[in-house]
Amino acid sequence: MIQDNNIPAFTLTVDQLKVNVQQWISECIKPPLKPVYLTRKELAQALKISLPTLDDYTTQGIIPHLRLGRSVRYEERTVFEALKSLSER
């Protein structure tokens, strides 16, 4: 094997390469963050809007929501992505 000073030379078996790649992937890929769900009041405070305005935006489909029985919850990430896409129009 010709060895150039600028190019490192090393030998790996297929199994060693597989292990190295799996380790690299596990270090680079993190599990998704746990979703954060907000109540109507929490989201209205975060957006600095009134509850009736939040209700209007929810009814109009501007802000995505989840209905759990009689309760309404907002997934923080989804709401802010929706608002970001509105601001980019």
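Throughout, read-outs are computed from the coordinates displayed, never taken from laboratory work. Please read these numbers as outputs of a predicted model, since none were measured by experiment. No Cβ is skipped: glycine too gets one built from the backbone with ideal geometry, and neighbour counts run over all protein chains shown.
For the stretch 37-87, the calculated P(r) over all alpha carbon pairs, in 10 Å bins from 0 to the bin holding the longest distance, is 26, 66, 8, 0 percent. Assuming R0 = 41 Å, can you tell me the calculated FRET efficiency for the pair VAL36 and LEU12, based on Cβ-Cβ distance, to the nearest 0.05? Using R0 = 41 Å, I get an efficiency of 0.45. Amide H contacts for LEU38 (H built 1.01 Å from N in the peptide plane; partners 5 or more residues away or on another chain; cut-off under 5 Å): TYR74, GLU75, GLU76. In order along the stretch 65-72, the Karplus-derived 3J(HN,Hα) couplings, from 6.51 cos²θ - 1.76 cosθ + 1.60 at θ = phi - 60°, round to 9, 10, 10, 10, x, 8, 8, 10 Hz, and Gly and Pro are given as x. Each label was represented as a point 7 Å from its Cα along the Cα-to-Cβ direction; for THR78 and GLN45 these points are 2.2 nm apart.
Calculated FRET efficiency, ASP56 to GLU88, Cβ-Cβ distance, R0 = 22 Å: about 0.55 to the nearest 0.05.
Packing-based ranking of 72-84, 15-27 yields 72-84, 15-27, ordered from highest to lowest mean Cβ neighbour count within 10 Å.
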